[in-house]
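These notes concern the structure reproduced below.
Rule-based calculations on the coordinates, nothing more; no lab input. Just so you know, these numbers come straight off a predicted model, no measurement behind them. Cβ: placed from backbone, ideal geometry, glycine included. Neighbour counts: every protein chain shown.
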Amino acid sequence: MPLHSALTSLKGAIKSLQQEEISLEQQKAPHIADFKKARAEHHLRMFERSYVCLHAALQRAIVQSSQEESATLTATLKALEEGYARKDLEAVSNALLAIDDIAKKQASNEKASLLSLKLSRLPSEIEEDILADKKEIEQCFAAGCYRCAVILCGRMLETVLHRKYYEVAGNDLLEKSPGIGLGNLIAKMKEKNIKLDPALTQQVHLINQLRVFAVHKKQEAFYPSKEQAHATILYTVDILNKLFSKG
């Protein structure tokens, strides 16, 4: 989970505890029938989950941030751990104040880096679908749903490659071969002498592999990292721009 989302989640959990006047030292409900204690237990569980998410997000952010920001985040992490160990809700809450600006800045940078990706002029037949996918990819990435973002990148590639093939070959493979994979589609394009830059072809294969791992059930679930998802999005937009660039 991104730092800003994790911070917001923990703040919300702390607010709920404060409003309900629930202490971190409160014992778990002995009987679920005790509504007041069961409600308190629910809020405490939400706090615990949010704390774990923010703790992990802080550790990631410390590695990825500038030296100045890293020092602030490290101090916050230490204060957070100390407050949590003492079961001091006020201390935990106060520790979060120091990273508000950093979290907002990082969230803004992530959003800007995606929103600044410009697409070339697309064929009108696919433009609406591509823009809808792009918007959803941005939302998935911002929410930390990186597997969904990678899967949508694969969908975008299928859309543009099918369109490119149709423009050159006059053959609608979506209608005649709806289940054709990206690898076979690239092979079909070569058969029709549709020239693709070798580097672009490798990008397509790489994105397809990530998409396959994300979609199909494997022995071990595949969860793309934030960096893998971001690189996949950059590659996808680059492919779209090269396929439909002017001239």
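Some points to look at:
- Computed from phi, the 3J(HN,Hα) profile of the range 154-166 under the Karplus parametrisation 6.51, -1.76, 1.60 (θ = phi - 60°) reads x, 5, 4, 4, 4, 4, 6, 5, 4, 5, 4, 5, 5 Hz, with x in place of Gly and Pro.
- Exceeding the 29 Å Cα-Cα cut-off - candidates K15/K135; K15/K104; K104/K242; K134/K188: K15/K135; K104/K242
- Packing here is the average count of other Cβ atoms within 10 Å per residue, and on that basis the peptides 151-158, 8-15, 83-90, highest first, run 151-158, 8-15, 83-90.
- Structural size metrics of the range 3-110, computed from C-alpha coordinates, are Rg and Dmax of 15.0, 51 Å.
- Derived scalar couplings ³J(HN,Hα) [the range 6-20; Karplus, 6.51 cos²θ - 1.76 cosθ + 1.60; whole Hz; x for Gly, Pro]: 5, 5, 4, 4, 5, 4, x, 5, 5, 4, 5, 5, 5, 5, 8
- Under Karplus coefficients 6.51, -1.76 and 1.60, residue-wise ³J(HN,Hα) of the range 74-88 in Hz, glycine/proline x: 5, 5, 5, 4, 5, 5, 4, 4, 5, x, 5, 4, 7, 6, 9
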